[in-house]
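The values are calculated or read from the model by the stated rules, or taken from the named source; none is laboratory data. From a predicted model like this one, the values you see are computed outputs, not experimental measurements. Cβ coordinates were reconstructed from backbone atoms using ideal geometry, including for glycine residues, and neighbour counts include every protein chain displayed.
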Amino acid sequence: MDTIQTLISKSSVLYSEVEIKNAIHDIASQANQTINAKELYVLCVMNGALIFAGQLLPQLKMNIQYHYIHATRYEKSLTGDSIRWLVKPPKDIEGKTVLILDDILDEGVTLKEIVSMCRTMNAKEIYTAVLFDKELEKNKSHLSDFTGLKVPNRFVFGYGLDCKGLGRNLPHLYALN
């Protein structure tokens with residue numbers, strides 16, 4: 001079984017904590033300028049976006065309602081599977097401007113499904129923000145409105161993202177070598 005120290009020894013830092021915090025500040029600035037709503041319903045995609053949400057929310061200028069959702073394709077696997085809903089969006093998003101926060105945009109499958117679910121639940125407007133956007137050779141099924149940092153097509157962990165259940169609490173973003 002891997003330990004976090006073993007994973008770090010097999011990895012390199014892609015982005016430091018300072019670089020990530022600066023990217024979160026940039027996302028907040030863009031969202032504050034773009035989203036023209038006095039009230040905003042923020043949905044945090046668990047588990048990965050928790051740290052991102054905790055640092056972004058205090059920087060948003062509008063009145064915030066907040067809830068979490070949990071849709072996953074990975075669980076403790078390194079490859080994605082079909083989407084499994086653990087916690088769906090709350091019914092009271094109807095008629096509201098919604099901002100969905102996710103940790104990483106890979107192929108866009110999960111984010112597309114979440115946006116579709118919010119549309120079905122009659123959200124007024126839907127925006128998305130991802131902290132990391134993986135650079136892939138193929139088109140993504142959904143793009144984010146606000147993006148923090150681009151990452152190469154490697155397995156990344158830290159700053160909310162895990163590797164086999166480990167490393168979400170690391171202050172930097174790592175990539176396995």
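Only one of these is hydrophobic (A, V, I, L, M, F, W, C), farther than 18 Å from residue 34 by Cβ and either out of contact with any strand residue (DSSP E or B) (no Cβ under 6 Å at 6 or more places or on another chain) or not in a loop (DSSP other than H, G, I, E, B) (or both): 149, 111, 131. Name it.
149
Listed here are the residues, each with its yes/no results for (1) of a type in the set (A, V, I, L, M, F, W, C); (2) modelled with pLDDT of 95 or more.
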{"position": "125", "(1), (2)": "no, yes"}
{"position": "133", "(1), (2)": "no, yes"}
{"position": "148", "(1), (2)": "no, yes"}
{"position": "162", "(1), (2)": "no, no"}
{"position": "175", "(1), (2)": "yes, yes"}
*Name every residue in segment 127-141 that is over 23 Å from residue 16 (Cα atoms) and buried (at least 17 other Cβ atoms within 10 Å of the Cβ), in order of residue number.*
127, 128
*Which condition does residue 40 not pass, out of (1) under 17 Å from residue 167 (Cα atoms); (2) not in a helix (DSSP H, G or I), if it passes all the others?*
(1)
